[in-house]
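The values are calculated or read from the model by the stated rules, or taken from the named source; none is laboratory data. What you see is a predicted model, and the numbers here were worked out from it, not measured in a lab. Neighbour counts are summed over all protein chains in view; Cβ atoms, including those assigned to glycine, are modelled from backbone coordinates with ideal geometry. Just so you know, the surface numbers come from the protein's heavy atoms only, side chains and all, with ligands and any DNA or RNA stripped out. Shrake-Rupley method; radii C 1.70, N 1.55, O 1.52, S 1.80 Å.
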Amino acid sequence: MKYMGSKSFMLTNGLGTLIKQRARYATRIVDLFSGAGHIAWFAAAETEKPVLAVDLQNYSRILAKAVISRKTKLDPAQLQKVWLDKVEAAMTRSSYYKAGLRIESGEITIAKVKEARLFCKRNGKTGVILRAYGGHYFSPSQAVIFDLMRAHLPVNSPSRSVCLASMIIAASKCVAAPGHTAQPFQPTKGAKKFLKEAWDRNPIALTKLALGEVAIRHTKVIGRATSADALEAAKHLKKSDLVIIDPPYSGVQYSRFYHVLETIATGRCGRVTGIGRYPSRKRRPQSEFSNKGQSKKALERLLHRIARRGSRVIFTFPARKTSNGLSGSIVEETAKKWFKVSSRAIYYKFSTMGGNNEHRNARKRSKELIISLTPKANVA
């Protein structure tokens with residue numbers, strides 16, 4: 001899944017080994033900023049400890065739940081039969097799907113995009129994805145498909161959560177945007193080829209691929225995923241918990257980058273506005289860590305609360321100063337008030353989520369710190 005700050009690479013470069021080592025002395029692993037779920041999935045598969053995945057956003061909860069809430073594999077072929085076969089049958093009967101295909105076929109032009117957006121607006125009552133994002137982040141036919149996928153989801157979990165997680169992953173790869181959903185590609189001279197490439201992607205095929213990956217994953221011990229603020233969740237930690245912290249490092253709210261995935265997760269978004277097709281602010285969770293004026297105080301409160309609970313911590317953060325005002329060195333200095341601190345650095349290339357190697361590099365070299373925190377005695 002395309003995700004800013006994904007830790008999938010770090011798991012194979014030291015972080016995964018450290019989690020397994022520290023998990024031996026814990027009774028539970030708590031991932032306080034679960035995001036795309038890579039750390040929660042890893043801990044569930046590689047340790048024999050229950051995992052609690054926490055994140056402000058519902059799509060993150062669903063991604064984590066799809067794996068950490070079950071101890072057995074599911075059959076991807078069977079899920080395709082009971083879900084995607086029904087979706088494909090519904091597509092063949094859908095006049096909206098057929099009309100969408102006709103509109104978006106051929107070369108992308110400004111006139112064609114305007115026609116697509118008008119079609120989706122006029123027929124928005126047929127589904128929330130078509131109404132909110134059709135002709136923008138998704139082609140009309142793609143939007144119809146995603147609406148049909150939601151309509152035909154299995155009723156019961158774990159099948160429902162696995163199918164919905166697979167749909168979220170597929171949608172993240174279909175969006176006509178530079179890796180996130182802050183703003184869609186427009187039919188300009190430079191961007192229309194990227195818009196065309198995105199609109200040509202097959203949601204069914206990508207969902208089948210995701211289903212094949214998610215369905216066969218499972219946990220060793222049943223865990224739980226919840227939508228909550230990390231600062232509130234920290235109040236309920238235990239001394240025997242191993243806490244993984246990978247907070248936002250952007251000065252822009254992650255809910256602005258991933259509101260499309262949140263809509264797919266929940267099936268609702270209300271009225272959308274602007275080029276980015278944003279729901280109202282009250283429908284987009286706000287994190288103090290993504291506010292430059294609040295991030296340092298939020299960091300202090302979080303670490304102090306965890307230290308008072310007596311939990312051990314693995315904290316990952318870029319060494320450089322980031323747009324929310326934090327850096328790896330600020331994390332270390334803050335933590336030293338209440339923890340014994342040790343750290344190591346790893347280097348890797350991360351996606352800029354929009355760079356095109358012309359005006360901005362698509363990938364940049366980064367130094368990331370893996371910081372181990374052991375609480376000092378009698379923290380007040």
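With respect to A43, is the statement that it is at pLDDT 95 or above, surrounded by 22 or more Cβ atoms within 10 Å (Cβ to Cβ) and either of a type outside the set (V, I, T) or part of a helix (DSSP H, G or I) (or both) true?
yes
Suppose we filter I62, I29 for residues that are in a helix (DSSP H, G or I) and in contact (Cβ under 8 Å) with a residue 12 or more places away in the chain; which single one remains? Steps first, please.
Working: I29 fails: in a helix (DSSP H, G or I).
The match here is I62.
Checking K71 against (1) out of contact with any strand residue (DSSP E or B) (no Cβ under 7 Å at 6 or more places or on another chain); (2) of a type in the set (K, R); (3) not in a loop (DSSP other than H, G, I, E, B), which test does it fail?
That leaves (3) as the condition not met.
Any idea how many residues of segment 135-174 are among the polar types (S, T, N, Q), open to solvent by less than 10 Å² (accessible area, probe 1.4 Å) and not in a helix (DSSP H, G or I)?
So the count comes out to 1.
Within segment 345-380, which residues are farther than 27 Å from S311 by Cβ, open to solvent by 30 Å² or more (accessible area, probe 1.4 Å) and either at pLDDT below 65 or in a loop (DSSP other than H, G, I, E, B) (or both)?
Residues satisfying the conditions are K349, F350, S351, G354, N356, N357, E358, H359, R360, N361, R363, K364.
Yes or no: A177 in a helix (DSSP H, G or I), open to solvent by less than 10 Å² (accessible area, probe 1.4 Å) and either modelled with pLDDT under 95 or among the aliphatic types (A, V, I, L, M) (or both)?
Working: in a helix (DSSP H, G or I): no; open to solvent by less than 10 Å² (accessible area, probe 1.4 Å): yes; either modelled with pLDDT under 95 or among the aliphatic types (A, V, I, L, M) (or both): yes.
Criteria not met by A177.
Give me the residue from segment 107-130 that is assigned to a loop (DSSP other than H, G, I, E, B) and either hydroxyl-bearing (S, T, Y) or open to solvent by less than 60 Å² (accessible area, probe 1.4 Å) (or both) and, out of that set, nearest to A198 (Cα to Cα). Working first, answer last.
Initial filter on segment 107-130 (assigned to a loop (DSSP other than H, G, I, E, B)): 107-109, 123, 127.
Narrowing the set further to residues that are either hydroxyl-bearing (S, T, Y) or open to solvent by less than 60 Å² (accessible area, probe 1.4 Å) (or both) leaves 108-109, 123, 127.
Working: I108: 11, T109: 14, N123: 22, G127: 20 Å.
The residue in question is I108.
Can you tell me which residues in segment 223-232 are closer than 15 Å to L299 by Cβ and open to solvent by 20 Å² or more (accessible area, probe 1.4 Å)?
Of all residues in segment 223-232, those closer than 15 Å to L299 by Cβ come to 229-231.
Answer for segment 223-232, where residues must be closer than 15 Å to L299 by Cβ and open to solvent by 20 Å² or more (accessible area, probe 1.4 Å): just D229.
Give the residues of segment 269-308 that are crowded, with 18+ Cβ neighbours inside 10 Å, part of a helix (DSSP H, G or I) and under 19 Å from the mean Cα position of the chain (by Cα), sorted by residue number.
Within segment 269-308, E288, F289, S290 qualify.
Looking at segment 317-341, I want the residues that are acidic (D, E) and outside any loop (DSSP other than H, G, I, E, B) and have a partner that is surrounded by 17 or more Cβ atoms within 10 Å (Cβ to Cβ) and at pLDDT below 95 with Cβ atoms under 7 Å, at least 6 apart or on another chain. Which pairs are those?
Final answer for the pair search is E332/S343.
Per-residue answers, yes or no, for (1) without any contact (Cβ under 8 Å) to a residue 60 or more places away in the chain; (2) closer than 30 Å to Q21 by Cβ; (3) surrounded by fewer than 15 Cβ atoms within 10 Å (Cβ to Cβ):
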residue	(1), (2), (3)
F194	yes, no, no
I204	no, no, no
K208	no, no, no
K220	no, yes, no
A234	no, yes, no
L237	no, yes, no
D241	no, yes, no
Q253	yes, no, no
T266	no, no, no
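Out of (1) assigned to a helix (DSSP H, G or I); (2) of a type outside the set (D, E); (3) touching a residue at least 12 places away in the same chain (Cβ under 8 Å); (4) open to solvent by 20 Å² or more (accessible area, probe 1.4 Å), the odd one out for G100 is which?
(4)
Has segment 74-95 got at least one residue that is of a type in the set (G, A, S), open to solvent by less than 40 Å² (accessible area, probe 1.4 Å), touching a strand residue (DSSP E or B) at 6+ places or on another chain (Cβ under 7 Å) and in a helix (DSSP H, G or I)?
Scanning segment 74-95, I find no residue that is of a type in the set (G, A, S), open to solvent by less than 40 Å² (accessible area, probe 1.4 Å), touching a strand residue (DSSP E or B) at 6+ places or on another chain (Cβ under 7 Å) and in a helix (DSSP H, G or I), so the answer is no.
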